[in-house]
Amino acid sequence: MYSTKAYSAASATSPLAPTQIPRRDPTAHDVQIEILFCGICHSDLHAARGEWGRTVYPIVPGHEIVGRVAEVGSAVTRYKPGDLAAVGCIVDSDRTCPSCMEGLEQFCPNQIIVFGSPDKHLGGVTYGGYSDSIVVDERYVLRIPSNLDPASAAPLLCAGITTYSPLRHWGIEKGKKVGVVGLGGLGHMGVKFARAFGAHVVVFTTSRGKTEDALRLGADEVVVSRDASEMQKHAGSLDYILDTVSADHDVNAFLNLLRRDGNMTLVGAPAKPLSVAAFGLIMGRRSLSGSNIGGIAETQEMIDFCAANNIAADVESIPIQKVNEAYERLLKSDVKYRFSIDMASLRSE
Ligand code: NAP
Ligand code: ZN
């Protein structure tokens, strides 16, 4: 065991502050990674502030991790010191359940999340990526091709896979009209992927000021979702909608935009339950679904797709000392489009 620098929150109302956390020494199958960048996902904020009601404190958030391999265990075959590597939400799973057998570790009932899950090595809970280094079994480590920039690759580990996976699952391709609701970290990646898959992309935003950006990111059309007449123009026309909104909002207004048999997938995880009007689904045999990040193999597929197609997140790189300010800006939808923490700032503290 060794001690490493990190930022943690002591309670739902405490700001993130510097601390020291334990990490295990790499065992035979482990990769030790010196963290270069860690993205800030809205899930970090929901969790740090206890909004989902299951946070164990102190919490070290962070699940969009890119770094350099520092050391590997004796049985590790796929990584060597110096490689660029990444870690997302999942750092272990039971490897035997039907979901694991299908490469869908994100649905394993015994999955271990990078922060706040029981730590079988050290006791206590796991600690996330707002830290200097991390140790993870090589099965759950991803490879980052050298043409990807570490700062803008980090958000692929959650914002990337969480949007790529449902778009793939629901067969988004040329000829489909796809809505992306909310242009934040997830939303802007959803737009890039839907565009790359050949769809006609409509962005629904509450921020009129994001219109130009939405078009630059790949949208064909932009709708200000608080404008009922703009919304009405798309009634019954969308094949698919990806809803990335982090707060309470009216999902019925979007269900009504789906064509017959259309589907809307929730990836946004607001703290409070959403209210769904039955007729929005009944009329038109529409469906409402959800999706959770993606499996390890699909995450690697998505990273390789990004490297081959020149896709990455639009990031604002910040020192870790600005993390609390970044959380406040996230709540005001004031990020273009993902904060990526430069972990050199932690080492120099
Ligand atoms: P984010 O960067 O804060 O983006 C959320 C966007 O939602 C905002 O930029 C804003 O877009 C829109 N929005 C915010 N408040 C709104 C409101 N009151 N009404 C309507 N729209 C609103 O957050 P993120 O990191 O992309 O995460 C989004 C959500 O996905 C979070 O709840 C997060 O926990 C969840 N998540 C789920 C998974 C999963 O596996 N399912 C994975 C990662 C994250 P506009 O300015 O364009 O309106
Ligand atoms: Zn996330």
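The values are calculated or read from the model by the stated rules, or taken from the named source; none is laboratory data. Keep in mind the model is a prediction, meaning the values are calculated, not measured. Using ideal geometry, Cβ is built from the backbone for each residue, glycine included, and neighbour counts are taken over all protein chains shown. Calculation scope for accessible area: heavy atoms of the full protein, side chains included, ligands and nucleic acids excluded. Shrake-Rupley method; radii C 1.70, N 1.55, O 1.52, S 1.80 Å.
Where in the stretch 38-139 are there chymotrypsin sites (Phe, Trp or Tyr not before Pro) that are in a DSSP coil and have at most 16 other Cβ atoms within 10 angstrom of their Cβ? Answer in residue order: W52.
Give me the percent of accessible area attributable to carbon and sulfur for the stretch 64-208, probe 1.4 angstrom. Answer for the stretch 64-208: carbon and sulfur cover 51 percent of the accessible area. Principal-axis analysis of the Cα atoms of the chain puts helix 159-169 at an angle of about 50° to the longest axis.
Rounded to the nearest 500, the 222 nm mean residue ellipticity of the chain from helices alone is -6000 deg cm²/dmol, with -39,500 (n - 2.57) taken per DSSP H run of at least 4 residues.
The value of relative contact order for the stretch 160-290, using C-alpha pairs under 8 Å at least six residues apart, is 21 percent. What does the charge count around E316 come to, taking other residues whose C-beta lies under 11 Å from its C-beta (Lys +1, Arg +1, Asp -1, Glu -1)? Within the 11 Å Cβ shell, the charges total +1. The share of accessible area on the stretch 219-349 that comes from carbon and sulfur is 51 percent, using a 1.4 angstrom probe.
Highest mobility in the GNM of the chain, judged by mean-square fluctuation with C-alpha springs under 10 Å and restricted to A247, A278, A269, is found for A278. The spread of Cα positions in the stretch 235-291, taken along each principal axis and listed from longest to shortest, comes to 29, 18, 17 Å.
Can you tell me, using C-alpha contacts under 8 Å and at least 6 residues apart, the relative contact order of the chain as a whole percent? In percent, rounded to a whole number, it is 18. Scalar couplings 3J(HN,Hα) for the stretch 228-241, obtained by applying the Karplus form with A = 6.51, B = -1.76, C = 1.60 to θ = phi - 60°, are 4, 6, 5, 5, 4, 4, 9, 3, x, 10, 8, 6, 7, 10 Hz; x denotes Gly and Pro. For the chain, the longest principal axis of the alpha carbon atoms and the long axis of helix 296-309 meet at an angle near 70°. The trypsin sites (Lys or Arg not before Pro) of the stretch 50-94 that DSSP puts in a loop, and whose beta carbon has at most 15 other beta carbons within 10 Å, are R54, R78.
Only Cα pairs under 8 Å and 6+ residues apart enter the sum, and on that basis the relative contact order of the stretch 1-139 stands at 29 percent. Summing +1 for each Lys or Arg and -1 for each Asp or Glu, what net charge is found among the other residues whose Cβ lies under 11 Å from the Cβ of R95? Summing Lys/Arg as +1 and Asp/Glu as -1 gives -3. Peptide packing: for 96-102, 82-88, the average count of neighbouring Cβ atoms within 10 Å per residue gives the ranking 82-88, 96-102, highest mean first. Which entries of K192/K332; K5/K272; K5/K332 show an alpha-carbon separation above 27 angstrom in the structure shown? From the list (K192/K332; K5/K272; K5/K332), the Cα-Cα distance tops 27 Å for K5/K272; K5/K332. If a spin label sat at a point 7 angstrom from the Cα of S348 along the line to its beta carbon, the backbone N atoms of the stretch 1-17 nearer than 18 Å would be those of 5-7. For the stretch 160-290, the per residue solvent-accessible surface stands at 43 Å², with DNA, RNA and ligands left out and a 1.4 Å probe. Other residues with beta-carbon under 13 Å from the beta-carbon of S74 carry, at +1 per Lys or Arg and -1 per Asp or Glu, a net charge of -3. Between T77 and A308, the C-beta separation translates, for a Förster distance of 35 Å, into a calculated FRET efficiency of about 0.90. With 0.36 nm allotted per residue and the present C-alpha distance subtracted, the T27-D250 stretch has 75.4 nm of extension available.
Shown in residue order for the stretch 182-190 are the 3J(HN,Hα) couplings computed by the Karplus curve 6.51 cos²θ - 1.76 cosθ + 1.60 at θ = phi - 60°: x, 9, x, x, 5, x, 5, 6, x Hz (x for Gly and Pro). Once each part is reduced to its C-alpha centroid, what is the distance from the stretch 226-278 to the stretch 132-178 in angstrom? Taking the Cα centre of the stretch 132-178 as reference, the centre of the stretch 226-278 is 24 Å away.
Close amide H contacts of L36 (hydrogens built in the peptide plane, cut-off under 5 Å, sequence separation of 5 or more or a different chain): V66, G67, R68. The value obtained for the chain, namely the Cα convex hull volume divided by the number of residues, is 128 Å³ per residue.
Seen from all directions on average, the stretch 160-290 presents a Cα convex hull projection of 7.0 nm².
A DSSP coil position with no more than 16 other Cβ atoms inside 10 Å describes none of the GluC sites (Glu not before Pro) in the stretch 1-81.
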